[in-house]
């Protein structure tokens, strides 16, 4: 188990930059999710940690050991890093049965028969695979394959476990149950885990902290709650939750409270900045009331089960999302009140 | 060192890739380069005077003309036969297609000298088969195959499989929707054919034609068996006769001839590449159900006709060969009281030359298959994982020793190995020169199937092993080799098949004691021992067919693109 620290890490592919200047630390025993749209560099970052790619700049340390340092021309190959990796395609070896797939990491370390059997049985049991030990990977279902992949990286007690969109190939029901498997696994082993996903609900459900990535940079690295409630910039506000970002003018500070003009109305806002420029409006910041200052027209209604999601267009043309228990029809006029949204400064 | 910085996988991978790549390049491309250097120098100095002299000789010019005529018309025969079969097999609802395809592959796998020998056994005045049937022409009438027409016919039959395979692959890539779209737009019958199917197949037909021409041009067995008795020399037989008659003193001269063949061949190869690249552009991404045109009432007659052709070009000559191998002396008709296994026992058990040749050919073929497997497996995997500029260049050139005529490669090998650099030792006249030539020539035969299967392998397979701590050697041994073993096995069998039958390379490189089976059949026939030559040829045909059946039976376990006749 170990901290993972990255400093000034960058990677280019044939001159095209994929990651810029990443400096951060994943703490020992932490479950970190790397979240972002496709092409944001999250998988590249994971492969740099594993050692499958070599960074173009910067350095990586796992625990006390420096595993990659470009300036010092130092690169520890993946096989010597003691990390576990769970692939999107599972990457089970089709010519080995479940037991051999799981015990292979120990075989490599030239352990004795007994030293191999006990931990293998333990790993199979922990992942509920004891009954499938003699099957071939082709005879398993998607969820079982994923558990074999997990058992394989559990067996050798890696310093960190890296997971590359491990649930992307599973159906929705199986995803939920596999999330429990991952969080249980994390609790039991206390391993540092880095989990790549483009699904924010997955990240929110499992991770201690989420690094939201875009265009090769970490935009914000915080707990799920902080990310949702106190986004740092427009990208995070829009990507996490259903935030609409609108500009704010005439900001005034009085007795530790901030006020400003948003969409033509003057409201109180919360912010970490002294002079925020934008606010993030989420459904829970908007209340529907006849007397609301903000007039809007319903453009689309989606039933969410017990409540409705209204897509409304304000008079100024801004699209706002609101939730309600009452039913509205498309084209209806309504009034909205904004209650203390989160504000941030964005150039 | 560029390898190391591009990929973080592991330093040992970069190191191993460079090492194997250097070995592979010196094996395959060094001889070709050496020949080129010989061609443009004259007694150590750069000059083209000898080249000009050789190229002006009347024998060179007539051999060049003969080569172009036989290869050109032979290709035409191949195109007619091969494309007729390809269109019918690929586009219609014929029955027993798999059997038909398998039979059509046999001519390509049977060595050309055996094809020539078997056909001479069903024609001419001393044909045992014709005599037995009472159909033989009177003694003294000429063997009709000892002529340019005979060479053309047999070259055409030998190489029809190439046209058949390339065209069939191209036809199968045409999605049914293309034809359906034409019909819905109002095109009917031959118009669809002419305006939609033909334009789409033209690139693969052109590519197949070009490579058939190159192969026919480099063919040695057929013009040697049929042309030499008739005094009709092509470029490969001219090189052979010069080298056999005057030894290495004419090495500089025959190098020029080899260069000439090589130049014509390279033109053909470039034509083929051009058309093949055009074909890819045409049908990218669009493969659904292939075309299947119902033949209706014409189906049975067409099937009968196709099988009749297969019988004529395949089964009949084999019967001729068998008949000749069962008579006590050449020219005796085959009857119940004359049938004997004398030739078989003599050639398989008594003749020291043939036993030696069996040992040599077996050893060379197995050795080449094993060495190439050991080289190609790691090389193909490393090239797939860490593509460097050098590896990509090698990838585009590694077919050259196989595509170039065997005569060219043999001369190149002699030039390279007749005097080993920095020593006085020579490999010329030893079995090692044949072995090295085989490694160069059959490199592509092994490499391509392995490469095809590794391209389909999830890169995460190797990475998963790497992440749990497996070293490069352990990854190769435990993951990569087992997963690509079926393809490697298919490649090894193909190398064995081709090497076991090979004549062109060994005809120029053999010496007493290092005869191969191809050379022995050629020499037996040359010295009039036709019955023994036929028995030996029959044995080889049986070995070839057994191995082909083996590959066919295993073919379901291979990834796509590994078995050459299953595209």
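All of the numbers you see were taken from the coordinates with simple rules; none came from a lab. Values in this document were obtained by computation on a predicted structure and should not be read as measured data. Quick reminder, even Gly has a Cβ in these numbers, built from the backbone with ideal geometry, and neighbours come from all protein chains shown.
Things worth noting here:
- Whole-angstrom gap from segment B:376-395 to segment A:139-172, using each part's C-alpha centre: 31 Å
- Bridge type composition, the protein assembly as shown - antiparallel percent by DSSP, nearest 5: 75 percent
- Put in order of Cβ neighbour count within 10 Å, fewest first, the listed residues B:510, B:194, B:15 become B:194, B:15, B:510.
- Number of partner chain Cβ atoms within 10 Å, mean per residue of A:87-95: 6
- Here segment B:119-179 and segment B:425-467 have alpha carbon centers that stand 34 Å from each other.
- Top of A:38, A:141, A:254 by mean-square fluctuation, Gaussian network on chain A, Cα under 10 Å: A:254
- DSSP bridge analysis restricted to chain A gives an antiparallel fraction near 75%, rounded to the nearest 5.
- Inter-chain Cβ neighbour average for residues A:68-79, partner chain, 10 Å: 4
- Report note on the peptides A:145-151, B:66-72, A:206-212: ranked by the mean count of other C-beta atoms within 10 Å, highest first, their order is A:145-151, A:206-212, B:66-72.
- Global form of segment B:57-339, assessed from the alpha-carbon gyration tensor, a/c cut-off 1.5: oblate
- Classified by the C-alpha gyration tensor, chain A has a prolate form. Its axis ratio a/c, with a ≥ b ≥ c, is 1.5 or above, and a/b is larger than b/c.
- For A:342, B:307, order by how many other beta-carbon atoms lie within 10 Å, fewest first: B:307, A:342
- Each of the peptides B:147-155, B:130-138 was scored by the mean count of other Cβ atoms within 10 Å over its residues; in descending order, highest first, they stand as B:147-155, B:130-138.
- Contact order, relative form, for segment A:244-344: 33 percent (alpha carbon pairs under 8 Å, 6 or more residues apart, mean separation divided by residue count).
- Take each residue of peptide B:473-484, count the partner chain Cβ atoms within 10 Å of its Cβ, and average: the result is 2.
- The shape of the protein assembly as shown comes out prolate: with a ≥ b ≥ c from the C-alpha gyration tensor, a/c is at least 1.5 and a/b beats b/c.
- Sequence-distant contacts, meaning Cα pairs under 8 Å at least 6 residues apart, place the relative contact order of chain A at 16 percent.
- Added length on full extension, which subtracts the Cα-Cα distance from 0.36 nm per residue, residue B:393 to residue B:348: 11.6 nm
- Over chain B, Cα pairs under 8 Å with separation of 6+ residues give a relative contact order of 21 percent.
- Estimated distance in nm for a label pair at residue B:94 and residue B:132, the labels positioned 7 Å out from Cα along Cα-to-Cβ: 2.8 nm
- For A:136, B:532, B:538, order by how many other beta-carbon atoms lie within 10 Å, fewest first: A:136, B:538, B:532
- Span from the segment A:311-342 Cα centroid across to the segment A:59-101 one, whole angstrom: 50 Å
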